[in-house]
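Contents: one structure, followed by commentary.
The values are calculated or read from the model by the stated rules, or taken from the named source; none is laboratory data. What you see is a predicted model, and the numbers here were worked out from it, not measured in a lab. Every residue, glycine as well, gets a Cβ built from its backbone with ideal geometry; the counts of neighbours run over all protein chains shown. Quick note on the areas: whole protein, heavy atoms, side chains included, nothing else; ligands and nucleic acids left out. Shrake-Rupley method; radii C 1.70, N 1.55, O 1.52, S 1.80 Å.
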Amino acid sequence: MYCIFCGKQINDKSRFCKYCGACVIETEEKPPQEMPSTNISPENTGSAPYSKPDPIVPARTPEPPIQMDNGHRESQKSKPERPGQIPSSKSSSNDRKGGFPIIPVAIISTLVILAIIGVVVFLFLFKGSSHKEEASNEKTATSESIAQSQLSSGEKENAKASLQAEDTSEAAPEMPAEASEPSSDAPAEPTEEADEEVSDPETDALIEKFNQYRNEGYEVLQAVPFESLPIRSSPGDGDDILTELGYGAYLLWDGRKETVNKIDYYFVKDMESGQEGYVNSHYTPRLWYLYSSQDSFDIVDVSKADYSYEEMCADIEELCNEYSDILSSSILGQSLCGRNIPLIILGDPKASHKFMIQAGIHGREYMTSQFVMKMTEYYAHFYQKGDYRGNSYEELMQDKAFYIIPMINPDGVSISQKGESAVTGEYLECLRNAYENDKNDIVFIKDINDELAWYDNFKHKISPKLFQNTDFIPYNDYLKMWKANAAAVDLNRNFDTGWQTSWGKGSLALGSYRGPAPESEPETQIIRDAAVMEDFDCYISYHARGQLIYYHSEGASGKVAEKSKYLADYFYDINRYKPSDPDPNAPPDEDPEYGSFGDYAHLNLDKPGITIEIGKYTCPLRISEFKAIWDRNRETWAALCTLF
């Protein structure tokens, strides 16, 4: 068949001529006169055929084009000659007989130029708007920075009775010129303070309340119960409960207290409800500096309990980079398995007063390492903003330094967390032999918290009637209880202090094996040497669990015993961990335990020191306990500085 418009022969069933693009009218005979080809097709134009053809109309000869002044040709009529033909984007000076006239180049050029101009104008306006917004943000950031620096001053003032740690009588500082009028040569850079400090209205309101009540003679306490804290109408643990307080409630205390069964009960007022009554003082530590929850210091992760050796090493590096003006670190030595034992110095190494802080000597007590690391970050972060009893941290730490050993026993920590994968070679045999030695003495019973837990019954020999198991402890559960180093030696029984007469197991064990000789382990030797590297004023050791403070060593000098007792009582006044006083009427211990670092400080170095047992439940401690540990102990290092 043939196309009646161009006369070309069509060999397919398409409704459009592939030569001229016109709608095909089928005919078996060739038209008498061949129409001139328009050479317009989908292949040439890059366009697709219409989805719906226009009605067919008889062909007409187009009017001759008119020569325009600009040299372009334009048809006298804009109406296409063949509605079924696809317009072409190409221009031709030849007459087009029987074809659609194309869209003139002048129109296309005009549209393209207008489109380009529109894009350029849009980009210009958008860029100008962005610069204005950026300059506005810089001004806002600088304003917020100044406002927050004033707020920080207010926080310092609130910890004082008069709330004045800085001079706030001056007028608010004006906006710096570089922030209010950015230079066209070099735009002002945003201040770091604007990113670091964020205003927290809720905290600001609390600070104002705290200040108000302190001016009225109250001390602010925080409720830190495990479940709830009852307020009673009388001191004691009777049934006269007035209300129950949840964790974190703020209480006002005017100093009134009563002692019942050796427990102090404070007469307090709930800040929120106004309810008055007596509460157990063990669960109400004092609160001095309240920092904003939006003022983040989140290098040390406290969202999970398994704080590892690898995390600690990475955190130390990041902390010392972030707070290089107040923190430094070094490596004291290596453990049996080659893990580093780091030292962090918080403060000036040339200070006159120095305190040694150590944690993580027992593997399963790794939350002590996590806590000490978080304390290090806290005091570095709030060095210039925090305060205690009206004295800024910076003032308190003048001429003082903390020597912090966060993880004495990295091998033991790794064994408790990772099991056998933490060690290799001969130390695998130590773990397996220790299990064979211990498994008969590990029993499943209810502990002092009335919770079922595995317990080492070697010394106390609890009656088998109380056992909740008849099988041996699973090996993996056994390793989670691990306290010793990789050689199955309890480092806190390995010091050369009464070692020969100290009670303990006679062979490899998860804990309480004193080792083949005093100070036989490299970790013990490292801490022994670190303890005399400086003339420390006192030693603070962190263990878990019990919420107790140990301070007594049999045979310590009167001076050391008195100072250590004072330290324990002083810390108790802050964290409410009860000192473990020796019973003067108790018979001599038939199995005294010596060889601990606390004994070494008291007896060998003749220096005061205390051992703080954090947490309540079975080790490894759960992360749910960390908040209470933190709230109780956060201000203890600042308090320690006030003594020297």
Report task. Test SER564 against the stated conditions and say whether it is under 28 Å from GLY363 (Cβ atoms), of a type in the set (Ser, Thr, Tyr), surrounded by 21 or more Cβ atoms within 10 Å (Cβ to Cβ) and at pLDDT 95 or above. Result -> yes
Query raised in the report: Which number in (1) touching a residue at least 60 places away in the same chain (Cβ under 8 Å); (2) acidic (Asp, Glu); (3) over 30 Å from ILE574 (Cα atoms) marks the one condition that GLU436 misses?
Result: (1)
Requested in this report: Consider PRO225 carefully, then state whether it is surrounded by 18 or more Cβ atoms within 10 Å (Cβ to Cβ) and more than 30 Å from ILE344 (Cα to Cα).
Outcome: yes
**Report entry** Residues located in the stretch 601-644, provided they are under 20 Å from the mean Cα position of the chain (by Cα) and of a type in the set (Gly, Ala, Ser)
**Finding:** SER624, ALA628
Report summary line: Only one of (1) out of contact with any Ser or Thr (no Cβ under 9 Å at 6 or more places or on another chain); (2) at pLDDT below 95 does not apply to THR259, and that is (2)
Report task. May I ask you to say which residue of SER296, SER330, SER273 is more than 26 Å from ILE357 (Cβ to Cβ) and small (Gly, Ala, Ser)? Result -> SER273
Requested in this report: Kindly check whether there is at least one residue in the stretch 435-453 that is at pLDDT 90 or above, in a helix (DSSP H, G or I), out of contact with any Lys or Arg (no Cβ under 9 Å at 6 or more places or on another chain) and within 16 Å of GLY506 (Cα to Cα).
Outcome: yes
Report task. Could you tell me whether any residue of the stretch 233-256 is in a loop (DSSP other than H, G, I, E, B), open to solvent by 50 Å² or more (accessible area, probe 1.4 Å) and among the hydrophobic types (A, V, I, L, M, F, W, C)? Result -> no
Requested in this report: Exactly one condition in (1) in a loop (DSSP other than H, G, I, E, B); (2) modelled with pLDDT of 95 or more is not met by TYR378; state its number.
Outcome: (1)
Requested in this report: Within the stretch 261-278, identify whether any single residue is open to solvent by 30 Å² or more (accessible area, probe 1.4 Å) and within 27 Å of the chain's Cα centre (by Cα), and answer yes or no.
Outcome: no
Query raised in the report: In the set ILE610, ILE540, ILE549, ILE574, which member is under 16 Å from ILE357 (Cβ atoms), in a helix (DSSP H, G or I), open to solvent by less than 60 Å² (accessible area, probe 1.4 Å) and touching a residue at least 60 places away in the same chain (Cβ under 8 Å)?
Result: ILE574
Query raised in the report: Is it the case that the stretch 458-468 has a residue that's β-branched (Val, Ile, Thr), open to solvent by 60 Å² or more (accessible area, probe 1.4 Å) and at pLDDT below 95?
Result: no
Query raised in the report: Out of curiosity, is ILE527 assigned to a helix (DSSP H, G or I), among the hydrophobic types (A, V, I, L, M, F, W, C) and modelled with pLDDT of 95 or more?
Result: yes
Report task. Just give me the residues in the stretch 372-419 being under 21 Å from the mean Cα position of the chain (by Cα), open to solvent by 10 Å² or more (accessible area, probe 1.4 Å) and among the charged types (D, E, K, R), in sequence order. Result -> LYS374, LYS385
Query raised in the report: Based on what the data block shows, is ILE473 modelled with pLDDT under 95, surrounded by fewer than 18 Cβ atoms within 10 Å (Cβ to Cβ) and out of contact with any Asp or Glu (no Cβ under 6 Å at 6 or more places or on another chain)?
Result: no
Query raised in the report: Got at least one residue in the stretch 281-289 being part of a strand (DSSP E or B), open to solvent by less than 40 Å² (accessible area, probe 1.4 Å) and over 22 Å from LEU206 (Cβ atoms)?
Result: no
Query raised in the report: Would you pick out the residues in the stretch 317-363 that are in contact (Cβ under 8 Å) with a residue 40 or more places away in the chain, assigned to a helix (DSSP H, G or I) and open to solvent by less than 50 Å² (accessible area, probe 1.4 Å)?
Result: LEU319, GLY363
Query raised in the report: ASN604 is checked against (1) open to solvent by less than 70 Å² (accessible area, probe 1.4 Å); (2) out of contact with any Leu (no Cβ under 8 Å at 6 or more places or on another chain) and fails just one. What number does that condition carry?
Result: (1)
Query raised in the report: Could we say that VAL300 is open to solvent by 20 Å² or more (accessible area, probe 1.4 Å) and either touching a residue at least 60 places away in the same chain (Cβ under 8 Å) or in contact with a Pro (Cβ under 7 Å, 6 or more places away or on another chain) (or both) here?
Result: no
Query - Tally of residues being charged (D, E, K, R) and out of contact with any strand residue (DSSP E or B) (no Cβ under 6 Å at 6 or more places or on another chain) across the stretch 249-269 - result: 2
